[in-house]
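Have a look at the structure below, then the notes.
A short reminder: the numbers here are calculations on the coordinates, not readings from a lab. These figures come from a predicted structure and were not determined experimentally. Here the Cβ positions follow ideal geometry from the backbone for every residue, glycine too, while neighbour counts run over all protein chains shown.
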Amino acid sequence: MFSFERSIIVLGAALATLFCTVAITFAQSKSEDSKTAKPNIVLVHGAYADGTSWSKVIALLQAKGYNVFSVQNPTTTLADDVAVTERAVNQQTGPVVLVGHSWAGVVITQAGNNPKVQALVYVDAVAPDSGQSILDALAAAPGEPGGSAGVKDADGFILLPRAAVEQYFAQDLSPADQGIIWATQTPWGSACLTDKVTRAAWHDKPSWWAYGEFDHMISPQLQAKMAATLRSKVTKLRTSHLAMLADPKGVTAVIVDAAEKVQSGKAIAATPPTSSVSSDDALNSSVADSPGTTASAGGNPSARDITGPAGIVALANEAPARIVIDPPLADSLEHGRIVIQYRAENVRIEQVFGTAALKVSPRIGHVHVTVDDAAWHWLDASGEPLVITGLTSGPHKVLIELVNAAHQTLDYGVVSFNIP
C-alpha cells in the first residue's frame, strides 16, 4: 500500500510539472506571438476630405495583411478630431501606427500621446510643437497659394472652390477624381486654425514623413524643416498635396516601413532639438535630395555640405521658381489645335543646358512636355506658347514641368481639356 501511495504521489508531481511546463511554454508562445504580430494602422484624413481619401492605401495595406482603420473625423475642432481618433486607437488590439494627412498632422501630434501609439507617420502634413496651433506652425515659412484658397461660409466652415481643388489641392489627379474630391469634401471648422496642441507626441514617439514636392497647399520646404525638427525619416514624392491618391504605393511603403520597425521593436524615437530647426543646413541633413528616396538624420556630412546646394533648392537670395499655365485657347481647341500659354517666374527660359549653368543667377531653365502619361516627353526652350496637334477627340491632359538646366524639376502643372 505504501508503494502504491508513493507511486501516486510521484505521478501527481510529474503531472504537475508537466502542466506547469505546458503553461509556461504556452505563455511564452503567446508573448512571442504578441511581439511578432503586425501592428494596427490607423489612418486620419485631413481638411476638405474624409476617410475615403485613404482608399488606395487601405487596399494596399490590407493586401499586405495589416489591420487598417480609417477614421471619419468631423474636422470641427482639434478636440473633436482628437476624441474621434483616440476612440479609433482604443478600439485596436495591440500597438498602433498612427498616420495623418495635412490637417491630421496636427491631430496625430496630439492624439499620438495615447500609449497604444508606437509610431507617427506624417503625409503632406503639419506637426506643431506643444502650445502651437496649425497657424503658428505654418507661419514659419511663406504660404502656398492653396493654403489661403478656402472660402469661409456664414457658419464659420471653410470649403475649397472647385478651381482651387483643380489647381492646388489635386492638380495631378484626373478631372473625374478632382470632381469627386470637390463634391465630397468635408467642411473644415475655422476653429481648427487656432486650436493649440497641448503636448506634441513626436517628442516621445518615432516619426516618418512623406511629402509631395509639388504640394501647393503646405510648403514642401516647410515640411522638410518640420521633419528635421522631429528627426523623422523622410520620403519625397513627385506628387501634389494628395500624395496618398497620386502615389499610393509610395505612401504605403513609408507606412509599412514604420510598421515593420514597430513590429521588430526597432521603432525608437530620436531626440529632437529643444527648439525648432529653421536653417537650410538642418533641412538638408534629414531630407534626401532625389525624389522617391529616403534619408534620416545622422552625424555624417550631407551631400549638400560637400557639394553645395542642388539646383532645385531655392537659394537664399532667389525666390522659388514657379510656372503659371493658362487653359488652352478655346478658339483653337475647337479645331483640334491645342495652344497653351505659360509663364515662368524666377527662371529664364533659355537654350542653355548642363550642370555648370546651375550656378547662374537668376536660374536658367526650360520645360518638359508630356501628353496623356506618355512614356516620353519633349523639351521646349523657346519660351513661346506650346502648340500640340494631331490628338484625337475626347479628354486629354498635358503635364508641363518647369526644369533647370540639368533637367531637374522645379515646378509643374497639369492641363486637362476635351477636344470636341
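Before moving on, here are some points about what is shown:
- Under 5 Å between amide hydrogens, built in the peptide plane, is the criterion, and for His216 it picks out His241 among residues at least 5 positions away or on other chains.
- Cα centroid separation - region 57-97 against region 362-396, whole Å: 41
- Of the cross-linked pairs Lys196/Lys397; Lys38/Lys233; Lys152/Lys205; Lys236/Lys266; Lys236/Lys261, those separated by over 31 Å at the C-alpha level are Lys196/Lys397; Lys152/Lys205.
- Electrostatic bookkeeping for Gly143 treats Lys and Arg as +1 and Asp and Glu as -1; over the other residues with beta carbon under 15 Å from its beta carbon, the sum is -2.
- Taking a sphere under 14 Å around the Cβ of Val117 and counting the other residues whose Cβ falls inside, with K and R at +1 and D and E at -1, yields a net charge of +3.
- Peptides ranked, highest mean first, by Cβ atoms within 10 Å: ranges 345-356, 220-231: 220-231, 345-356
- If the segment from Asn418 to Ser382 were pulled out straight at 0.36 nm per residue, it would be longer than the present Cα-Cα gap by 10.4 nm.
- Once the Cα-Cα distance is subtracted from the 0.36 nm per residue extended length, the Arg199 to Thr52 segment shows a gain of 50.1 nm.
- Tensor-based shape of region 37-307 (alpha-carbon gyration tensor, a/c under 1.5 rounded, otherwise prolate or oblate): rounded
- Shape call, region 322-419: gyration tensor on alpha carbons, a/c limit 1.5: prolate
- Cα-projected label distance for Ala406 with Ala191, points at 7 Å along beta-carbon direction, nm: 5.0
- Annotation: the antiparallel percentage among DSSP beta bridges lying fully within region 91-174 is about 25.
- Förster radius 60 Å - calculated FRET efficiency between Arg87 and Val352 (Cβ-Cβ, nearest 0.05): 0.55
- Looking at region 124-239, the DSSP beta bridges with both ends there are about 50 percent antiparallel.
- Label zone of Ala183 (point 7 Å out along Cα→Cβ, amide N under 17 Å): in region 245-261 this covers no residue at all.
- Estimated vicinal HN-Hα couplings, Hz - region 385-392 in sequence order (Karplus 6.51, -1.76, 1.60; Gly, Pro = x): x, 7, 10, 10, 10, x, 7, 6
- Between Ala139 and Glu345, the FRET efficiency estimated from the beta carbon spacing at R0 = 41 angstrom works out to 0.95.
- Sorting the segments 384-397, 235-248 by their residues' average number of neighbouring beta-carbon atoms within 10 angstrom, most packed first, yields 235-248, 384-397.
- FRET efficiency, 1/(1 + (r/R0)^6) with R0 41 Å, evaluated for Ala59 and His335 via beta carbons: 0.45
- Between the listed residues Gly51, Asn67, Pro175, the Cα displaced farthest toward the positive end of the dipole of region 37-307, a dipole computed from Cβ unit charges relative to the Cα centre, is found at Asn67.
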